[in-house]
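S.K.: The structure follows.
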Amino acid sequence: MSKRSWVGTMLGSAASPRARRLANTCASAYFVTSSSALALLTLLLTVPHNSSGPLRVALTAAGLYMWLNVVANYALCALRGAPAAPPASERGHHHQQHDQHDRRDHLLEITGDHDGGDEARPMCVPCGRPVPPRAHHCSVCNACILKRDHHCFFVGRCVGHSNQRNFIVLLFWTAWGNAFILANLLAYMSDVLPGPLLSQQGLRYLLPLATVQAATGDMDLAAYALTLAAHLSLGKCLGCAAMYAWHFTIAGEGQTSYEAIHEMRDYDCGLFVNLRQVFGNYWALNYLLPMPTAIPGDGRSWERLSKYDKGL
């Protein structure tokens, strides 16, 4: 399968709009519930058990700081958005019928040349109107999203111009927060569960083997719950770290995921300019404290590089 065919498969979906909305709700509920449960487990059980005195205070403060950054950036990412076109319910019966037969999330007909010259004018088929450059239609949100990167089911909305920075910082703190959770959880498990984890006996706590033991009654539910929590935090840590590396890299290169996969460099204005377009003038401060300030630009007008600028 070619790269562009793979992209089309990933951006499109054969699932019905109802199935996608259900997946949206379930994934968001999973992220919120699992993150809350792991944070409470760490702050109320593993940290108090593993430490005392000033160390306990410091670890609790560090855990709360990470957790509050996750909560704040998740809320900002989920609540902020800037669709470029009205939803289907405001467009009339004709376009509603078109949406029901939508076979792709990305339904944009591009008129013009991406390589330069006259500015390309994208036409959104479901919305039936031109939309700004870099805007794409999302069949889950049922709207065109400014500088759309992708639809994140775990957040419950698209990642685009208005919330891209909060999404990237959310990935950063979710990865570090789960690393913190995992470290405290493994220390707790080593102390309260039979058999050292870093030994042959520790293999029984691998999730497939632990599941079999729990089903046959050879492992109690408390030990299995801790094992499940450890694997869950490990998966979230590695997954979010990998996603963070990808999204921060393409943000520094002035690209969305679609543009990066299609090798489009039309909007790369240099590392620091690119980062300011995503995070604002003081972009590093977003990692220390959630910043609900305005994003530079309106998400509709973008400086395009000519063929000469791109070295073609």
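The values are calculated or read from the model by the stated rules, or taken from the named source; none is laboratory data. The shown structure was predicted, so the numbers you read here are calculated from the model rather than taken from an experiment. Ideal geometry is used to build each Cβ from the backbone, glycine not excepted, and the neighbour counts take in all protein chains shown.
S.K.: Is at least one residue of the stretch 253-268 among the polar types (S, T, N, Q), out of contact with any strand residue (DSSP E or B) (no Cβ under 9 Å at 6 or more places or on another chain) and either surrounded by fewer than 16 Cβ atoms within 10 Å (Cβ to Cβ) or without any contact (Cβ under 8 Å) to a residue 60 or more places away in the chain (or both)?
M.R.: Scanning the stretch 253-268, I find at least one residue that is among the polar types (S, T, N, Q), out of contact with any strand residue (DSSP E or B) (no Cβ under 9 Å at 6 or more places or on another chain) and either surrounded by fewer than 16 Cβ atoms within 10 Å (Cβ to Cβ) or without any contact (Cβ under 8 Å) to a residue 60 or more places away in the chain (or both), so the answer is yes.
S.K.: Further, regarding this structure: Identify all residues within the stretch 243-297 that are polar (S, T, N, Q) and farther than 30 Å from LEU64 by Cα; write none if there are none.
M.R.: Correct list: GLN255, THR256, SER257, ASN274.
S.K.: In addition: Please determine, by comparing only the residues of the stretch 214-229 that are buried (at least 17 other Cβ atoms within 10 Å of the Cβ) and modelled with pLDDT under 95, which one is farthest from VAL32 (Cα to Cα).
M.R.: MET219
Quick grid of which residues meet (1) at pLDDT below 90; (2) under 27 Å from ALA39 (Cα atoms):
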position	(1), (2)
CYS138	yes, no
CYS141	yes, no
PHE153	no, yes
HIS161	no, no
ARG165	no, yes
GLY177	no, yes
PHE180	no, yes
ASN184	no, yes
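S.K.: The conditions are (1) within 28 Å of LEU22 (Cα to Cα); (2) crowded, with 22+ Cβ neighbours inside 10 Å, and LEU185 fails exactly one of them. Which is it?
M.R.: Evaluating LEU185 over (1) within 28 Å of LEU22 (Cα to Cα); (2) crowded, with 22+ Cβ neighbours inside 10 Å leaves (1) as the failure.
S.K.: Counting residues that are modelled with pLDDT of 95 or more, which helices (runs of 4 or more DSSP H) fully inside the stretch 1-111 reach at least 2?
M.R.: 17-41, 47-50, 53-79
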